[in-house]
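The values are calculated or read from the model by the stated rules, or taken from the named source; none is laboratory data. Computed from a prediction, not measured in an experiment: that's the story for all the values here. Because the Cβ atoms are built from the backbone with ideal geometry, glycine has one as well, and the counts that use them run over all protein chains shown. Note: areas computed on protein heavy atoms with side chains; ligands, DNA, RNA excluded. Shrake-Rupley method; radii C 1.70, N 1.55, O 1.52, S 1.80 Å.
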Amino acid sequence: MLPAVCSQVEDPSKGITFHAAMKYGTKTGVYKGSIQLGGSTNTNRHMVAVKHFSIAQYAQFTGFSSFMNTGVRHPQILAPEAVCYDPPTHSVFQTQPFIGQSRNLKQFMTSLKADKSLHTTLTWPRRIEIAMQIACINKFLHNDHPNGVYTFDDNHPEQYLIDRPKGTPTKNADAAFHVTLVDIDTLQLAVRKNSSSEASGNAGVVLSEYKTKCRCFYCKGRSNCVFINTVEGYIACGQRADLPRTGDSELESKAYQVPKSPPGEDGIVRDCDATSDVWFQAQLFLYLVKGDLPFGSESMMEVIHQLEKGRYPTANSGDADYDALVKDMFARRIDEATHIIPRLKALCAKYECLIDTCPAYGSTPPGRAYNDVMNIVN
């Protein structure tokens, strides 16, 4: 057990104590830890997950800070509880509820591929229920948050935890799965476009009216080495610069007009259409059916060629309505509130889902607003 950090708070006994490392990323580490509840004589400790950031990295999370600065909460978004700065380590530590051994969507789908008998568990109703919950979470980000429109930079299967009520038999096909979104630090607050010069042509789609900073993925050009980027994302990140021309002048003229040098090389971070969030949701819906990566066997350059020719991954799920929904999501012509959720509701009526509506939003309990737990200011 490591010494406590953030013990410079009013009561030193309330510092964070580390118990075990859970995972390491290229920029962050995640640990199992605990904080003390009550006064120094109280031995009751609250188990938490602890994320470790550099000061510079945490300072970039302006969208996240704006997202947390409200009393409205979605019950299926795991919101961090507190953040503190630890002078001895020159680090920022963020705590969030420790939720045990829930599997993420990638682990869950991998287990289905490894044990074919578990396929009876993920029936069509269960798959559509998971898709519905993912869409409802994103509807809150895009349509219903009181502080604006948010997009999720790190949208891939490992950010969605899948669990069931305790005691549910592993191969029970009649119990719904519960979805929770985690690691929301990289949320971006979208900016409304200049309507005169940046019109997108997607009338009625809220996200098409907004833009965010382009996301660049340097692990095979994929988010967390998993999901492919959009065409304009690859262009903005300079990952298309060494490609041969497609020979299709019409396609190239329609390509997003973004300079090909990567963000930072010339001091400019490029803007991309906020509908890219629907692009990543489409890949989640595809993943629910296939359990495989989109264009998984092809290189980044081959993927970009396919996308520039308008060849998107297809679900081939066996349900024409679901396949059409995924196709329209890849085309980024639809959003959650107006199109995706109503079409999932229709599929739920067909397959008799147990979850066919979005949950009611909650509020932050008094005294539990972000940062108040440890009385530290960003």
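Here are the numbers for the structure shown:
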item: Cβ-Cβ under 9 Å pairs, at least 6 apart or on other chains, segment 101-120 side part of a helix (DSSP H, G or I) and surrounded by 14 or more Cβ atoms within 10 Å (Cβ to Cβ), far side at pLDDT below 75 and not basic (Lys, Arg); result: 111/118; 112/118; 112/119; 112/121; 118/170
item: Subset of segment 66-87 (residues that are closer than 19 Å to residue 188 by Cα and in a helix (DSSP H, G or I)); result: 66, 67, 68
item: Residue list for segment 331-349, restricted to those being modelled with pLDDT under 95 and either out of contact with any Leu (no Cβ under 6 Å at 6 or more places or on another chain) or β-branched (Val, Ile, Thr) (or both); result: 331, 332, 333, 334, 336, 337, 338, 339
item: Some residue of segment 43-65 being in a loop (DSSP other than H, G, I, E, B), modelled with pLDDT of 80 or more and surrounded by fewer than 18 Cβ atoms within 10 Å (Cβ to Cβ); result: no
item: Answer from 138, 143 - the residue that is over 15 Å from the mean Cα position of the chain (by Cα), assigned to a helix (DSSP H, G or I), under 30 Å from residue 210 (Cα atoms) and not β-branched (Val, Ile, Thr); result: 143
item: Given (1) open to solvent by 50 Å² or more (accessible area, probe 1.4 Å); (2) at pLDDT 90 or above; (3) out of contact with any Gly (no Cβ under 6 Å at 6 or more places or on another chain), number of the condition residue 189 does not satisfy; result: (3)
item: Positions within segment 346-367 being over 22 Å from the mean Cα position of the chain (by Cα), open to solvent by 70 Å² or more (accessible area, probe 1.4 Å) and closer than 24 Å to residue 124 by Cβ, in sequence order; result: 349, 350, 352, 354
item: Count - residues of segment 315-336 that are over 22 Å from residue 274 (Cα atoms) and not aromatic (Phe, Trp, Tyr); result: 8
item: Qualifying positions in segment 127-157 - of a type in the set (D, E, K, R) and more than 13 Å from residue 184 (Cα to Cα); result: 127, 129, 139, 144
item: Residue list for segment 278-298, restricted to those being assigned to a loop (DSSP other than H, G, I, E, B) and touching a residue at least 24 places away in the same chain (Cβ under 8 Å); result: 291, 293, 294, 295
item: Close pairs from segment 127-155: first free of Cβ contacts under 8 Å to residues at least 40 places away in the same chain, partner crowded, with 21+ Cβ neighbours inside 10 Å, Cβ under 7 Å, at least 6 apart; result: none
item: Residue identified as of a type in the set (Val, Ile, Thr) and in contact with a Gly (Cβ under 8 Å, 6 or more places away or on another chain) among 121, 95; result: 95
item: Segment 323-336 residues that are among the aromatic types (Phe, Trp, Tyr), paired with ones that are assigned to a loop (DSSP other than H, G, I, E, B) (beta carbon under 6 Å, 6 or more apart); result: 330/312
item: Test for residue 224: is it among the polar types (S, T, N, Q), modelled with pLDDT of 55 or more and buried (at least 22 other Cβ atoms within 10 Å of the Cβ); result: no
item: Members of segment 311-337 found to be within 23 Å of the chain's Cα centre (by Cα), open to solvent by 80 Å² or more (accessible area, probe 1.4 Å) and farther than 21 Å from residue 295 by Cα, listed by number; result: 333
item: Tally, over segment 151-187, of residues that are over 17 Å from residue 282 (Cβ atoms) and assigned to a loop (DSSP other than H, G, I, E, B); result: 19
item: Count of residues meeting criterion [open to solvent by 60 Å² or more (accessible area, probe 1.4 Å) and over 24 Å from the mean Cα position of the chain (by Cα)] in segment 276-310; result: 2
